[in-house]
Structures are given as structure tokens and as C-alpha cells.
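Have a look at the structure below, then the notes.
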Amino acid sequence: MSVDGSGALVVDRLVAGYEPGLPIVNGVSLVAKQGEIVVLLGPNGAGKSTLVKAVAGLAPISEGRVTLDGRDITSLPAHAKAKSGVAFAPQTENVFAAMSVIDNLKLASAILPPRLRAERIQAMLAMFADLARQRDLLAGRLSGGQRQMLAIARALLIDPKVLMLDEPSAGLSPKLVEGVFSKLAEIRKRGVTILLVEQNAKAALAVADRAYVLAEGRNRFEGGAADLAADPSIGALYLGRLAGGVARRGLRS
Amino acid sequence: MSLQFLVDGILAGALIGLGAIGVTLTYSILRFANFAHGEFLTFGAYATLLIAGALGAIVPDAGQALGPFSVGWAVIAASLFAMALTAGLALALDRCLFLALRFRGAAISTVIASFGASMALRALIEFAFTSRPAYFTRELQIAIPLGFGLRATPDQIALLALTALLMIGVHLMLTRTNIGRAMRAVSENPALARVTGVDVERIIRMTWALGGALACAAGVMLGLIVQIRPFMGFDLLLPLFAAAILGGVGSVPGAVVGALVVGLGEAATVEFAGSQWRAAVAFAVLILILLVRPTGLFARPT
């Protein structure tokens, strides 16, 4: 059962990975309450991406449970998870490049009841003005920032209970990162639960309510985002390295 | 010089195009080259022949030629049944053979399995119907002049029109409907399609059914214009793949353009170099495109 209220995503001692006997996520538990922004932090290889992929149905789960609103969705196939209210925007290849912006949205709208489809597409175009201007452009021709916005819009279109984003700031300029995170704050105000994987710890902790730090596929730390940002020992362990990582990634991209 | 080869080329291109649409869809969505696609054409033609024969025996006049055309409504009705049957054959093959191999990740075993299926199906058809050519009709048709010294029979004109309609239909389905968008999504990125709510297994089944039905249509047309024989589909396999790859795997307009290039190329070769060079055209096109632009003419952005 959900820990507290509706819209809660509960991950209970989850074990997941691609090879049998080689778990990447090794017993992680977390809770995201309705309307909360929860950020997953941790060094590379900690299992953050695999965790959200497992919740979305893309990485095989071998043990543990995932519940949404108290309903067990652990073993649903990915498309059924989407239907039950789990939306996911992967880090890379998160839009259909060979399809127009509007076709990306129409595709996602197909799991909604027919009477709601046009309305939700209009809502997304109203929320993401850039996309409305480029509705007939192939998604592959969008800029990096617009592509990320389309990935978020595509995921958000199905009116999900929980929106999971894998590194939405990767490869974006600081100004665009700010745009993405202010959009997330706006989405949260509508009652959508957001689970965020981020390397850009500083920007993520600024908008998040709570954070989980993972290492080697296990829970290492959890707490309020503000506490985590202020705690020097945690900062030295994970965030210091990550802050450097952000600068390096900027150079690389 | 006669320009008649243009008519022959466009006709051949239309036939190849119908088959190539199925190839390009299954290739891009299932991610392997299905060598048994040629046998879908053959199966469809023989199934139509059988059903049309049965209809002709049960219903008087069903075999009577319609207007200027060489066949009666028995063949037309039979081809619709046969399209459903060929779709069923493709689904059965997927269920019994390819489904088991799909998740093992070794594309090459799937390709080899399809090659085996191709040989087995061809041998079965040959066993059942012998290798002697069969015909939907023995009627002779007079080609009517189209102007500029070009001629075509009423059958040929009807087939061109029907092919154009089927191609436009498939194109509209892919671009305007939810199923079509889902097919394009699966072909580009199956994982993202899954999290976007697409039931990928269902889309794969629909792709097989569509590819099978179109292959049957192409087989019936080939049977009408030339003849029905157990190797008819297999002999068309190379032009089908040449057309699909030339057009860019996954692109329906590309497959049609590629097919017209191959068809016209073959006809021009027969006209100017001699019919012994005809079979070399598809090879030449395939080699050239793989060297110069391996993604095909209508490559999609990434």
C-alpha cells in the first residue's frame, strides 16, 4: 500500500539489471509523494538510470515491488505502465526524430480516451510555446533544448501520476537548464509527482523537495533537498565530484 | 527506338513496389531481412488460384471475364480471401519461428531462419502444385494504344491504378493514423515506443499482416501479367530488396521510387543491352547504393 496519500510512487527493495545474477540496482527503496519533486543523485554507475528504467518497464526487475497509488505495477509491461500513469523521458533518444513535433504528441495521445486526445495536445502546445511554433518540424531538426522540452511534453501529455526524467539537463547550456527546471516546478504545481535523475546536483536540489543518494546500486542517503545541499560531508562525498563533473561535461559537449 | 519499354518498366516497378513496401516495413520494424517475403507472393498467387477455381466451380459465371479485363470477379474475390490467408501465414510464421528468436538478439539467426522458411514454403508449394506454370486465365488481351506509340492491356492499366491506390492507402495509414504512427515509432525506437504506451508486440503482428497482404496483392498481379510458378516470388526477392534499400529502409515512398528505378532500369536494360542483362540490374543498383549512399535515397534524420 502507498505510504501516504494518492499519487505516491513506492519502490520497495527493488533488484533490477539486464543480466541474471548481476543486479545493477540492488535493493533500493524510495517514496515519492504526490506533487513532490524527488531527485536521485549518485556517482556514475550507481544505478540511478537503471532504477527509473526498471520502474518504467525497460529494465527487468528480479525482486522487490513498485506500487503506484497503492496498485502493484511491478510486472506490468512498459506500455501498460504508461497507461497506468508512469511517464518516462529517457536521457538520450527521447523523441522520435523522424516524426514531426505534432506526430510525436499525437503518438503519445493514443493511449488516452479519444475525447481527451486533442485537448491534451492543445494543453501541451499551450504550455510549450516553442513547440507550438515548430509543430510541423521533424523532431530530429529541433535544437537540444527544444528536443528536451518535446521529450517532457511527450511524457507529460498522458497526464501521468508520476513523471520520471533521466538527466533532463544533460548537454544543455546553463540558461536552458534553468528553463527545464523552472518548467519542472510549473509541472509539479499541477500535482504531478516528479522523479528526477540528475548529475547537475546543484540545479536539481534547488527545485527538489527531497533527494536520495545511491551508490553501487544501494541507498546511501536520503533527506530534504535543502539539508543535502548544505551538508558538507555529503557534498564532499558526492556533490563536490559532481559539481566538477558538470563543468567537464560542459566542455565535452 | 520504341518507348514501349517505359510502360513495361513502370509496370514492373509497380509490382516490385507493392512487394517492396512489405519488405521495407518488416525490415525496419522487425529489424531483419525476411527472405521468406518472396514466398508470401507465391503463396498469395496460388491461394488466389485455388479459391478462384473453387468459386468458379460453385457459382456459375464467376469465372466470366469482366468487361475489357481478362478475369472475372472470382479472381477478385479470391484475391481478397487470399490476402487474409497470406497475412495469416505471415503471422503463423512469426508465431512459430521468429518470436522465439526475437529476444535472443542474434539477428543473423533470424535471417537464416527466414531463409529456411523460404526454402520450405517453396518446396511445399512446388510439391502441391508441381513446377508447371499456372494461369488465372487463358484469355488473350489486345493492348490498347495510349498515344506516343505506347500500348498497354486493360489488365495492365487496372493493375497500375490498383497499385497506386494501395500505395497511397498505405502511405496515408502510416502518416495519418494512430497505428501508422505507432509503426513508425517502433521502427525508429522500440524502447521509447514502449514507454510512450505502444504495445510493440501488437504492432509487430499488424506489420506482418500488412506485409503479407500486400505481398499477396503483388503475387496476384504478377500471376496475372506473367504466370504463376513456385519460383515467382523467390526470383523477385533481389529486386524487392534493391528497391527497399535504394529508397531507404522504412520509407514507403522510398520503396516505391526505388521500385520504379529498378523496374525502369530492368526494362531499359532489356531494350538497349539485351534481356540476358536484366537480372544484373537489381544487383548493380544494390551495389551502387550501398557504396554511395548506404542509408538510401529517403534516409530519415536521427
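Can you divide the C-alpha Rg of segment A:1-116 by 2.2 N^0.38 Å and report the result to two decimal places?
Normalised by 2.2 N^0.38 Å, the Cα Rg of segment A:1-116 equals 1.14.
Residues with amide H under 5 Å of A:Phe221's amide H, sequence separation 5 or more or different chain, H placed in the peptide plane at 1.01 Å from N; which?
Distant-sequence amide H within range of A:Phe221: A:Val213.
Counting only C-alpha contacts under 8 Å and six or more residues apart, can you give the relative contact order of segment B:4-292 as a whole percent?
38 percent.
Tell me the net charge near A:Pro113. Cut-off is 14 Å between Cβ atoms, A:Pro113 excluded, with +1 for each Lys or Arg and -1 for each Asp or Glu.
So the environment of A:Pro113 carries a net charge of +2.
Can you give the FRET efficiency for B:Val292 and B:Phe272, using 1/(1 + (r/R0)^6), R0 = 22 Å, r = Cβ-Cβ distance, to the nearest 0.05?
Working from the Cβ atoms, E equals 0.45.
Given Cα positions, please report Rg to Rh for chain A, the hydrodynamic radius being the Kirkwood one.
Result: Rg/Rh = 0.95.
Please report A:Val10, A:Val55 as a ranked list, fewest other C-beta atoms within 10 angstrom at the top and most at the bottom.
Taking fewest neighbouring Cβ atoms as first place, the list is A:Val10, A:Val55.
According to the Cα gyration tensor, what semi-axes, each the square root of 5 times an eigenvalue, does the equivalent ellipsoid of segment B:1-159 have, listed from largest to smallest in whole Å?
33, 22, 13
If you bin every alpha carbon distance in segment B:151-302 into 10 Å steps from zero, what whole percent lands in each bin?
P(r) over segment B:151-302, rounded to whole percents: 10, 33, 36, 17, 4, 0.
Residues with amide H under 5 Å of B:Leu297's amide H, sequence separation 5 or more or different chain, H placed in the peptide plane at 1.01 Å from N; which?
Residues meeting the amide H criterion: B:Gly247, B:Gly248.
Against the 2.2 N^0.38 Å scaling, with N counting residues, where does the protein assembly as shown land? I'd like the Cα-based Rg ratio to two decimal places.
Rounded to two decimals, the normalised Rg is 1.16.
Tell me which residues come under 5 Å, amide H to amide H, from A:Glu63 once H is placed; ignore anything under 5 positions away on its chain.
A:Val15
Considering the dipole of the protein assembly as shown built from charges on the beta carbon (Lys and Arg +1, Asp and Glu -1) around the Cα centre, which of B:Gly211, B:Ala87, B:Thr196 is farthest to its positive end?
Projecting each Cα onto the dipole axis, the largest value belongs to B:Thr196.
Report for chain A the percent antiparallel among DSSP-assigned beta bridges with both residues inside it, nearest 5.
Taking every DSSP beta bridge within chain A, about 55 percent pair in antiparallel fashion.
Could you work out the mean count of beta carbons from other protein chains within 10 Å of each residue's beta carbon in A:81-88?
The per-residue average across the peptide is 2.
Could you tell me the relative contact order of chain A? Use alpha-carbon pairs under 8 Å, at least six residues apart, and round to a whole percent.
Relative contact order of chain A: 26 percent.
What list of whole percents do you get for P(r) of segment B:103-211, with Cα-Cα distances grouped in 5 Å bins up to the one holding the largest distance?
Bin by bin from 0 Å, the calculated values are 2, 9, 10, 12, 11, 13, 14, 11, 9, 5, 3, 0.
Measure out, as a whole number of angstrom, how far apart the alpha-carbon centroids of segment A:39-99 and segment B:231-302 sit.
42
Report, as an integer, the average count of C-beta atoms from other chains found within 10 Å of each Cβ along B:217-224.
0
With viscosity set to 1.567 mPa s at 4 °C, what whole-number translational diffusion coefficient in µm²/s follows for segment B:4-292 from Stokes-Einstein and a Kirkwood radius over Cα pairs?
Using the Kirkwood radius from Cα pairs, D works out to 67 µm²/s.
Once every DSSP H run of n ≥ 4 in chain A is given -39500 (n - 2.57) and the sum is divided by its residues, what mean residue ellipticity at 222 nm do you get, rounded to the nearest 500 deg cm²/dmol?
-11500 deg cm²/dmol
Counting other C-beta atoms within 10 Å, which of B:Cys216, B:Cys96 has the fewest, and how do the rest follow?
Least crowded to most crowded, the residues run B:Cys96, B:Cys216.
Taking θ = phi - 60°, what integer Hz values does the Karplus form 6.51 cos²θ - 1.76 cosθ + 1.60 yield along segment A:175-181, in sequence order, with x for Gly and Pro?
Once rounded to whole Hz, the list reads 5, 5, 4, 4, x, 4, 6.
To the nearest 0.05, what FRET efficiency results for B:Tyr135 and A:Asp136 with a Förster distance of 45 Å applied to their C-beta separation?
That pair, B:Tyr135 with A:Asp136, gives E of 0.35.
Provide the per-residue ³J(HN,Hα) series for segment A:216-226, in order, calculated from phi with Karplus coefficients 6.51, -1.76, 1.60 and θ = phi - 60°, each as a whole number of Hz, with x at glycine and proline positions.
6, x, 10, 5, 10, 7, 9, x, x, 4, 5
Can you check what the net charge comes to around A:Leu196, using other residues whose Cβ is under 9 Å from the Cβ of A:Leu196 (Lys, Arg +1; Asp, Glu -1)?
Residues near A:Leu196 contribute -3 overall.
Just add up the charged neighbours of B:Met173: K/R +1, D/E -1, any other residue whose Cβ is under 11 Å from the Cβ of B:Met173.
The answer is +3.
With n ≥ 4 as the cut-off for DSSP H runs, can you work out [θ] at 222 nm for chain B, using -39500 (n - 2.57) per run divided by the number of residues, rounded to the nearest 500?
-23500 deg cm²/dmol
A:Glu186 versus B:Met119, label points 7 Å from Cα toward the beta carbon: distance in nm?
Placing both labels 7 Å beyond Cα along the Cβ direction yields 6.2 nm.
No lab work stands behind these numbers, since they all come straight from the coordinates. Because the structure is predicted, anything quoted here is derived from the model rather than measured. Virtual Cβ from ideal backbone geometry, glycine too; neighbours counted across all protein chains shown.
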